[in-house]
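The values are calculated or read from the model by the stated rules, or taken from the named source; none is laboratory data. Because the structure is predicted, anything quoted here is derived from the model rather than measured. Glycine also receives a Cβ, built like all others from the backbone with ideal geometry; neighbour counts cover every protein chain displayed. With ligands, DNA and RNA removed, areas are computed over all heavy atoms of the protein, side chains included. Shrake-Rupley method; radii C 1.70, N 1.55, O 1.52, S 1.80 Å.
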Amino acid sequence: MRIDVFTLFPEWFDWFRSQRHVRNAVELGSELRFFDYRETTPLSGRQVDDAPYGGGAGMVLRVDVVDAALRSAYERSGAPARVLLLAPSGRQFDEVLAGELAREPHVALLCGRYEGVDERVREHLATDAVSIGPYVLSGGELAAMVIADAVVRKLPGALGHAESPVEESFSEALGGAPEYPHYTRPATYRDWDVPEVLLSGDHERVRQWRLERSRERADR
Ligand SMILES: C[S@@+](CC[C@H](N)C(=O)[O-])C[C@H]1O[C@@H](n2cnc3c(N)ncnc32)[C@H](O)[C@@H]1O
């Protein structure tokens, strides 16, 4: 899989791409690429934004700047089928969308900044607008990292065997419900005991208990 991130701050992702599961995915053939809008802007002085028509506070990322970045990145290889604009007003990102994206061979994430992005990007250049939650961040970079992380950990081999992504919160294995609680040693800490069933060695009782706790969490 290839994930392309368009941003004004590619250095924000240095930490992200040094993480083990991301390095695993890259070693296994996935690609994570970063494109700086300023490197391809058609405007002088590396300008990328402008004042909003109609007035108001803040600056807006220009459509010609975003288009130039996309054209430059995809002039030879062709654009991906999914080009996601990160926007607080977009479709709420969730595990279902993470799964959809993980099945795509190629995805682009467009990070906004300032007051936002010229609406013509959403109308003509992006295929989806996606939000990571009903709050406003300063830019799309953290949202892109959230999405890339949730997608990358679904790629085969990204996680170690011990961290299988099959039975976890919102997975099909749990019927879309949150995961059940986990405990580890010590069995008693202060006066907080691990549930007896988990120490019983009875796999069927453990399975039932976990499903019940998972369903309880879904009903909360
Ligand atoms: C300060 S925000 C712009 C907020 C915009 N004026 C509004 O009220 O919706 C700048 C950029 O951060 C990103 N962003 C902020 N919050 C986000 C969220 N919850 N999900 C995804 N992207 C977000 C978007 O790319 C956005 O263009």
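Out of the residues in the range 171-192 meeting the condition of being at pLDDT 95 or above and open to solvent by 100 Å² or more (accessible area, probe 1.4 Å), tell me which one is nearest to the chain's Cα centre (by Cα).
So the residue we want is 182.
Run residue 91 past the list (1) open to solvent by 20 Å² or more (accessible area, probe 1.4 Å); (2) out of contact with any Asp or Glu (no Cβ under 8 Å at 6 or more places or on another chain); (3) assigned to a strand (DSSP E or B) and report the number of the one that doesn't hold.
The one condition residue 91 does not meet is (2).
Testing residue 161 on (1) at pLDDT 95 or above; (2) surrounded by fewer than 13 Cβ atoms within 10 Å (Cβ to Cβ), one condition comes back false. Which one is that?
(1)
Conditions tested, residue by residue: (1) surrounded by 14 or more Cβ atoms within 10 Å (Cβ to Cβ); (2) more than 16 Å from the ligand (Cβ to nearest atom); (3) among the basic types (Lys, Arg); (4) outside any loop (DSSP other than H, G, I, E, B).
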site	(1), (2), (3), (4)
65	yes, no, no, yes
73	yes, yes, no, yes
76	no, yes, yes, no
83	yes, no, no, yes
86	yes, no, no, yes
113	yes, no, yes, no
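Consider the range 10-42. How many of its residues are exposed (fewer than 15 other Cβ atoms within 10 Å of the Cβ), closer than 20 Å to residue 85 by Cα and more than 16 Å from the chain's Cα centre (by Cα)?
Within the range 10-42, residues that are exposed (fewer than 15 other Cβ atoms within 10 Å of the Cβ), closer than 20 Å to residue 85 by Cα and more than 16 Å from the chain's Cα centre (by Cα) number 2.
Kindly indicate whether residue 130 is within 17 Å of residue 4 (Cα to Cα), within 13 Å of the ligand (Cβ to nearest atom) and open to solvent by less than 40 Å² (accessible area, probe 1.4 Å).
So residue 130 passes the test.
Given 56, 45, which one is open to solvent by 60 Å² or more (accessible area, probe 1.4 Å), touching a residue at least 12 places away in the same chain (Cβ under 8 Å), on the phi > 0 side of the Ramachandran plot and over 21 Å from the mean Cα position of the chain (by Cα)?
56
In the range 146-155, is there at least one residue being over 27 Å from residue 217 (Cα atoms), in a helix (DSSP H, G or I) and among the acidic types (Asp, Glu)?
Taking every residue of the range 146-155 in turn, none turns out to be over 27 Å from residue 217 (Cα atoms), in a helix (DSSP H, G or I) and among the acidic types (Asp, Glu).
Of the residues 82, 62, 76, 71, only one is on the phi < 0 side of the Ramachandran plot and touching a Ser or Thr at 6+ places or on another chain (Cβ under 6 Å); which?
Testing whether each residue is on the phi < 0 side of the Ramachandran plot and touching a Ser or Thr at 6+ places or on another chain (Cβ under 6 Å) leaves just 82.
Hey, among the residues in the range 118-127 that are outside any loop (DSSP other than H, G, I, E, B) and open to solvent by 30 Å² or more (accessible area, probe 1.4 Å), which one's farthest from the ligand (Cβ to nearest atom)?
124
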